[in-house]
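Enquirer: Please read through the structure below; I'll follow up with questions.
The values are calculated or read from the model by the stated rules, or taken from the named source; none is laboratory data. This structure is a prediction, so every number in the text was calculated from the model and none was measured. Every residue, glycine as well, gets a Cβ built from its backbone with ideal geometry; the counts of neighbours run over all protein chains shown. All accessible areas refer to the heavy atoms of the entire protein, side chains included, with ligands and DNA or RNA removed. Shrake-Rupley method; radii C 1.70, N 1.55, O 1.52, S 1.80 Å.
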Amino acid sequence: MRFIHHDIEGKRHCIWLEESEVGFWVHLDGQTHLLKRQFQRGGGTKSVDAVLENIRAPMPGRVTKIMANEGGKVLAHQTVLVMEAMKMEYNLKSNVEAVVKKLCCREGETVTQDQLLVEFETP
Amino acid sequence: MKFKKVAVSNRGEVAVRIIRALHEMGIKATLLHSEVDISSMAYREADETVCIGASPSSESYLNFENVLNAAVSSACEAIHPGFGFLSENADFVQACEKRRIIFIGPSADAIRSMGDKIKAKEIAKQMSVPTIPGYEGSDEDLALLKEKALEIGFPVLVKASAGGGGRGLKVARSHEELGEAVQSAKREAQSSFGNSRIFLEKYFVNAKHIEVQIFGDKLRVFHLGERECSVQRRHQKIIEESPSPVVNSEQRTLLGELSTRLAKAVGYRGAGTVEFLFSENRFYFMEMNTRLQVEHPVTEEVYGVDLVKAQISVAQDEPLYWIQNQLVPRGHSIECRIYAEDPYQNGVPSVGKLLGQRFTTGPGRRLELGFETGDEISTYYDSMIAKLIVRDETRSSCIRRMVESLKETIIFGVRTNIPLLKLILTHENFISGQMTTQFMSDFFSTELEENPPIHFQDISKVLKIDRIKKEERIINPFTGEWT
C-alpha cells in the first residue's frame, strides 16, 4: 500500500492506493473506491455505459428465485435473481441494461462462490 | 485461585480482545480455532493454538468434544467462550464442569432460565419487571392464538421460545397473516434451535432498543448503565452507543434496579445484558443475554472499566472492587461495526484477501480488529471484521469524531459498510437521537448509490493506468469514461 500526493485544481490530495488483480483500490477525501479493470474484446473505441458483468454467486448459498428469462431484457439495477446465504436474502442485479443469454442455475439449486449464475449477451 | 492458562474458543476481534486481557493479567492464552481462522490476528497473538476442526462452525466452534478435548489436552484451567457459538449453551457449561474446566460465564442454570424466553418472562413478572403484553401458553391451537392476538392487538410478533440473535421471529400484521407467521416461525425455530415452541408478543413498531449491562461477582450484582442499539438491520446491530440519548439519570437508576433484580433472581455471575424495548415512554423487558456482548466496549469507555478482565477475575473467584454509586457514565461513546459487505449491493458479503489497512489514531479512538493485511476474509461466519469505538465529551462531538475517524479508515481488498455508516451518522434522525428500530427500514431500505470519486480523469493519469495492453482498459464504472 502506498500513497501519492497530487494537486487537483489547486487543492492538494493525498491518495492511498494498492493494486490488485481486480483493479486499483484507492482512498482519497475520506472515501475508498475500487477502480476495476475491464477486459474489452476487439479494442473498439466506442464508449460503453458502465460495466456489463455476468452474475456470479458472491458466496456459497442457494438460489431461491429467478426473476428473468433467457432472451429477456433486464433493466439496470433490476433484481435478476434472489439468493439465500447465511440466513439472509440477497437480490442480485445487473448494473446495466442487458439481455439474458443463459440462465446457468435453477431455483432451489445450491451454488458455490463465484459460480456463474446468469450470462448476459455481450453488447 | 489464579489461572495459568485459559482456552479461548472464539474468533475474530473478540478472540484478540480476550487474549490481550489474559496477557495483561499474566495468563497464557491458548486459541482454539477452525482451519480457516489460521489466517487471523488471534492466531498470531495466542501463546498456543489448537485446531478444533474444519471451517464450518458445526465442525469446530460448536463441537463440544473438539473444544473440550483441545482445552483439556493443552492443560487449560478455564475456557472463555466469547459471544455466540457455545457462550449461551447450558449443556456445554455442564460438559465443562464434568471435564473439570472452569467456564468463564454464568452457571448452567442461569443460562437455562434466561435462554428460555418464556421462562425468562415468567421470572421477570415474578420480580415485578414490566414485560411486553403477550400470550405464552402452551396451547398453540390457531383459533386460540388468533383470539389472543386480537386481545394483544395487531401487529403481533411470533417468537421462538428457544430463539435468539433475531431468528425465529415473524411479524403478523393482521388476523390473516397469523397462521403463516406461526408456521414460518415454528419451522425456523425447529431448524435453528431444535425447539418449535413459540409465543406471541405485541409488536412495538416504533420502539427503541435499550439494554442494560449487569455484572455479578460472588457477592453482588452491579449495573453499568444502558446502551442503545436501535440502528439495526434484519436484527443485526450496526451502531451502538452509551448512554442512550433519551435516558435520564432517574430512568437509568430504575433500569439498573430492574435489571439487577432479575439477575439476582437467577444467581447471576459474570457479564450479562438485560434488553428492554422503550416505547411511548415506557420500558418493557424483552429478554436477557447471558454472555458478554459485541457492543460491550461502549460501556467500558464511559464507565472506565474492563469487562473482559472482570469476567476473568470473577471466574478466578475474586470479588470486584467496583462501588455501585461510583459507576456513573462520563461522556459518550459510539461503536460502529465494520462488516465486509458491499453497501451498494444491499449488503452482500464481500470476500477476499485484505490487501492493506490503515486506521485512525488520536484521542478517544479505539479499534477492535480481528484481521490484518494478508488475511483472507471468508464466508463461513458473519462478516464483521472490526469494530471502531469512539468516545468524546458529548454525543454530538462523539458523532463528529466517529465520522472523521471513518474517513481516515482505509481497508483495501474487501468492500465494507463504511459508506453506509457515514450516511447513518449524518442522518438527522440519528443526530436528533430520536431513531427507533425502524430507522434502517425507514431511511436505508433501498440501495446506496455509489458516488464517483472526484476528478477521476486526474487520478487515472496520476496512477498511469492508460492503455496497459490493447485489450485492457480501466473504465470508470460510474461515468463509463475510458482512460
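Enquirer: Using amide H atoms built 1.01 Å from N in the peptide plane, name the residues 5+ places from residue A:8, or on other chains, whose amide H lies under 5 Å from its own.
Expert: A:13
Enquirer: Across the Cα atoms of the range B:195-235, what radius of gyration and what greatest pairwise Cα-Cα distance (Dmax) are found, in Å?
Expert: 15.2, 39
Enquirer: For the range B:151-196, state which trypsin sites (Lys or Arg not before Pro) are in a DSSP loop and have at most 15 other beta carbons lying within 10 Å of their beta carbon.
Expert: Answer by residue number: B:173.
Enquirer: Work out from phi, with θ = phi - 60° and the Karplus expression 6.51 cos²θ - 1.76 cosθ + 1.60, the ³J(HN,Hα) of each residue of the range B:346-354, listed in order in whole Hz, and give x for Gly and Pro.
Expert: Each residue's phi maps through the Karplus curve to give 6, x, 4, x, 10, 10, x, 9, 6 Hz.
Enquirer: Hey, got a sec? Which GluC sites (Glu not before Pro) in the range B:82-166 land in a DSSP loop and have at most 16 other Cβ atoms within 10 Å?
Expert: Sites meeting the loop and neighbour criteria: B:140.
Enquirer: Between residue B:423 and residue B:325, take the C-beta separation as r, use R0 = 51 Å, and let me know the FRET efficiency to the nearest 0.05.
Expert: Once rounded, the FRET efficiency stands at 0.80.
Enquirer: Report the B-A buried area as the accessible area lost on both sides summed, probe 1.4 Å, in Å² to the nearest 100.
Expert: Approximately 4400 Å², summed over both chains.
Enquirer: Taking amide H positions as placed 1.01 Å from N in the peptide plane, with prolines and chain starts having none, which residues 5 or more places from residue B:198, or on another chain, fall under 5 Å of its amide H?
Expert: Residues meeting the criterion, in which the H sits 1.01 Å from N, are B:161.
Enquirer: For chain B, what % of the accessible area comes from carbon and sulfur atoms, probe 1.4 Å?
Expert: Here carbon and sulfur together make up 48 percent of the probe-accessible area.
Enquirer: At 0.36 nm per residue, and after removing the present C-alpha to C-alpha distance, how many nm does the segment from residue B:175 to residue B:359 gain when stretched out fully?
Expert: 61.1 nm
Enquirer: Sticking with this one: Per residue of A:17-26, count partner chain C-beta atoms within 10 Å of its C-beta, then hand back the mean as an integer.
Expert: Counting Cβ atoms of other protein chains within 10 Å of each residue's Cβ and averaging gives 5.
Enquirer: So what's the gap between the Cα centers of the range A:2-27 and the range B:287-347, to the nearest angstrom?
Expert: Centre-to-centre distance over Cα atoms comes out at 37 Å.
Enquirer: On average, how many beta carbons from a partner chain sit within 10 Å of the beta carbon of a residue in A:90-101?
Expert: Counting Cβ atoms of other protein chains within 10 Å of each residue's Cβ and averaging gives 2.
Enquirer: Kirkwood Rh, Cα Rg: Rg to Rh for chain B?
Expert: 0.98
Enquirer: With N set to the residue count of the range A:67-123, report its C-alpha Rg divided by 2.2 N^0.38 Å to two decimal places.
Expert: Dividing the Cα Rg of the range A:67-123 by 2.2 N^0.38 Å gives 1.11.
Enquirer: Considering the zone a paramagnetic label at residue B:25 would reach in this model (a point 7 Å from Cα along the Cα-to-Cβ line), which residues of the range B:212-230 have amide N under 11 Å from it?
Expert: none
Enquirer: While we're looking at this one, here's another question. Magnitude of the Cβ-charge dipole of chain B, K/R +1 and D/E -1, about the Cα centre, nearest 20 debye?
Expert: Using only the charged Cβ atoms, the result is roughly 700 debye.
Enquirer: Using a simple spin-label model with points 7 Å from Cα along the Cα→Cβ vector, what separation in nm is obtained for residue A:99 and residue B:4?
Expert: 7.5 nm
Enquirer: For a 18 Å ceiling on Cα separation, which of these pairs sit above it: B:119/B:237; B:5/B:309; A:65/A:93; B:208/B:309?
Expert: Check vs 18 Å cut-off fails for B:119/B:237; B:208/B:309.
Enquirer: Oh, and also: Applying the Karplus parametrisation 6.51 cos²θ - 1.76 cosθ + 1.60 with θ = phi - 60° to the phi angles of the range A:74-81, what ³J(HN,Hα) value in whole Hz is obtained for each residue in order, glycine and proline being reported as x?
Expert: Those phi angles translate into 10, 8, 4, 6, 8, 5, 9, 8 Hz.
Enquirer: Show the residues, 5+ positions off or on another chain, whose built amide H is closer than 5 Å to the amide H of residue B:286.
Expert: Amide H neighbours of residue B:286, under 5 Å, 5+ apart: B:275, B:276, B:277.
Enquirer: I'd like the Kirkwood hydrodynamic radius of the protein assembly as shown, using the inverse of the mean 1/r over distinct C-alpha pairs, in Å.
Expert: Computed over Cα pairs of the protein assembly as shown, the Kirkwood hydrodynamic radius comes out at 26.0 Å.
Enquirer: How far is the Cα center of the range B:82-112 from the Cα center of the range B:54-72, in Å?
Expert: Each part's Cα centre sits 14 Å from the other's.
Enquirer: Next question. Please calculate the 1.4 Å probe accessible area of residue B:387, with all protein chains present, and give it to the nearest 10 Å².
Expert: 0 Å²
Enquirer: Suppose all protein chains stay in the model; what accessible area per residue would a 1.4 Å probe give for the range B:280-411, in Å²?
Expert: Per residue, the range B:280-411 has 37 Å² of solvent-accessible surface.
Enquirer: So, how do all the Cα-to-Cα distances of the range B:142-259 break down into 10 Å bins, in percent, from 0 on up?
Expert: In order of increasing distance, the bins hold 13, 31, 32, 21, 3, 0 percent.
Enquirer: Would you kindly calculate the mean projected area, averaged across all directions, of the convex hull enclosing the Cα atoms of the range B:1-113, in square nanometres?
Expert: 6.3 nm²
Enquirer: Another question about this same structure. I'd like the Karplus ³J(HN,Hα) series for the range B:157-162: coefficients 6.51, -1.76, 1.60, θ = phi - 60°, whole numbers in Hz, and an x wherever there's a Gly or Pro.
Expert: With coefficients 6.51, -1.76 and 1.60, one gets 9, 9, 10, 7, 5, 8 Hz.
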